[in-house]
């Protein structure tokens, strides 16, 4: 593990000038490397500095290029694993900038996570009418009746 973390120290964060010089393929490779470093060091004692450096390198690249659907899914998996601290999690959430359409699986994972985090009272209000916690659904079309 020490050798693994040593290898992570060799990469310096990318500055804004060098981001402008990257091609899309180079940006994708950089994003993949940073996400792998974050994932590899999540929940590891002493991994916080490596995660912080990877996050510093990731930020300008994602701000310029956005994330592909696969990268967005990988970032979401890292966030939902719950192995990193709240501050880093918030920073990662702010980096969820899609390059194109958001994959359905990402929306499903986010909604599933939100559903588990609702209080019992809010969950029950959804079953026994509509309470203050959940908005009433708006239907554009009449309901279909299955016979």
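Any read-out appearing in this document is the output of simple, stated calculations on the displayed coordinates, not a laboratory observation. The structure displayed is predicted, hence computed values, not measured ones. Neighbour counts are summed over all protein chains in view; Cβ atoms, including those assigned to glycine, are modelled from backbone coordinates with ideal geometry.
Odds and ends about this structure:
- Residues in region 67-95 reached by a label modelled at residue 33 [backbone nitrogen below 20 Å; 7 Å Cα→Cβ]: 67-68, 70-72, 74-75
- Residue 110-residue 56 FRET efficiency (beta carbon distance; Förster radius 35 Å; 0.05 resolution): 0.90
- Spatial separation of Cα centroids for region 58-77 and region 23-56, in angstrom: 11 Å
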